Amino acid sequence: MSVFARVDMPALDGATEWLNSEPLGPAELRGRVVLVNFWTWTCINWLRQEPYVRAWSRAYRDDGLVVIGVHTPEFSFEHDLEGVRRAVEVRDIDYPVAQDNDYAVWRGFANHYWPALYFVDRDGGIRDQHFGEGRYEESQRALQKLLGVKRELVFVEGVGVEAEADWDNLGTPETYLGSERGDRRAHSPSERLPLNHWTLAGEWTVGPENVVLDQARGSIAFRFHARDVHLVLSPGAAEPIPFRVLLDGEAPGESHGVDVDKDGNGVLREGRIYQLVRQHDGVRERTLEITFLEPGAEAYAFTFG
């Protein structure tokens, strides 16, 4: 199982807060197998991985496994502890979560990815690691080997936003909207967008990590090829902001996402990832347009599934 020379698990004392637990360190974890999971609540890749981590925590807890979620924020609004609490509650996470606002734990592990898994043996040595989604069977077997158990693997199936991506039909990459990492922005009308390009209509301010709507009824259009469309949004300091989603100029109907009704209506209430589209009539190239009926909406990144 060892994929590199033994490296001891770094300390977790750089965490700024702990949820579901008192602070954990070497003394509390001695003799336990530890799975460290780096995440951030707007990451679609983590959301699709989370049902597995949650199931493993419950299935192997009595065998000596401790799962520790390390929430290291990607976007500025994800530093908010109440937002982390809300994500923990919504995702039904009952294992310890360390809030890593200063990136101290992230740097200690020399980590670069969301999500990331580090497998730690009972002596505190990191024995395996995995970055991104997938490899679930191998990861669960690695946990069993470290725990010294051998039994049927736990069956996991994500639902809603946690459902596995339709990889065979995923033709559009994650796309950031802010000036630091934004790309593929077109300056043509939405009806003439090339595939995998996006455009703004209305009065927007483009910041380093997001675009912010200055006047009501501004919109973002995106030409995509995927089953699912998600958008990381925040209302900033504004009250809840209603929005409307169109697919190829029409209400999405049965292809609406979990945060939108059949008529395309949704409400931006808090900073998180919103599922706007889940195609049910075959995956094909489509144009999404989301219009915000009030100013203040902050849009960060599109992801697809």
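The values are calculated or read from the model by the stated rules, or taken from the named source; none is laboratory data. None of the values given here were measured: they were computed from a predicted structure. Every residue, glycine among them, receives a Cβ derived from its backbone with ideal geometry; neighbour counts consider all protein chains shown.
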When every residue in region 159-203 that is touching a residue at least 40 places away in the same chain (Cβ under 8 Å), touching a Leu at 6+ places or on another chain (Cβ under 8 Å) and not charged (D, E, K, R) is compared, the one nearest to Val277 (Cα to Cα) is Val161
Residue identified as under 22 Å from Gly305 (Cα atoms), out of contact with any Cys (no Cβ under 9 Å at 6 or more places or on another chain) and either surrounded by fewer than 19 Cβ atoms within 10 Å (Cβ to Cβ) or assigned by TED's automatic domain parsing to the domain that holds Thr40 (or both) among Phe109, Phe77, Phe131
Phe131
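Conditions tested, residue by residue: (1) in the same structural domain as Ser179 (by TED's automatic domain parsing); (2) hydrophobic (A, V, I, L, M, F, W, C); (3) part of a strand (DSSP E or B).
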{"residue": "Thr205", "(1), (2), (3)": "yes, no, yes"}
{"residue": "Gln215", "(1), (2), (3)": "yes, no, no"}
{"residue": "Phe222", "(1), (2), (3)": "yes, yes, yes"}
{"residue": "Val229", "(1), (2), (3)": "yes, yes, yes"}
{"residue": "Ala238", "(1), (2), (3)": "yes, yes, no"}
{"residue": "Val258", "(1), (2), (3)": "yes, yes, no"}
{"residue": "Asp263", "(1), (2), (3)": "yes, no, no"}
{"residue": "Ile273", "(1), (2), (3)": "yes, yes, yes"}
State whether one or more residues within region 98-116 are hydroxyl-bearing (Ser, Thr, Tyr), touching a strand residue (DSSP E or B) at 6+ places or on another chain (Cβ under 8 Å) and in contact (Cβ under 8 Å) with a residue 40 or more places away in the chain.
yes
Go through (1) on the phi > 0 side of the Ramachandran plot; (2) exposed (fewer than 15 other Cβ atoms within 10 Å of the Cβ) for Arg184 and report which single condition fails.
(2)
Identify the single condition in (1) part of a loop (DSSP other than H, G, I, E, B); (2) of a type outside the set (D, E, K, R); (3) buried (at least 16 other Cβ atoms within 10 Å of the Cβ) that Val154 does not satisfy, given that it satisfies every other one.
(3)
Which of the residues belonging to region 254-273 are farther than 20 Å from Val206 by Cα and surrounded by 20 or more Cβ atoms within 10 Å (Cβ to Cβ)?
Ser255, His256, Gly257, Asp259, Val260, Gly264, Gly266
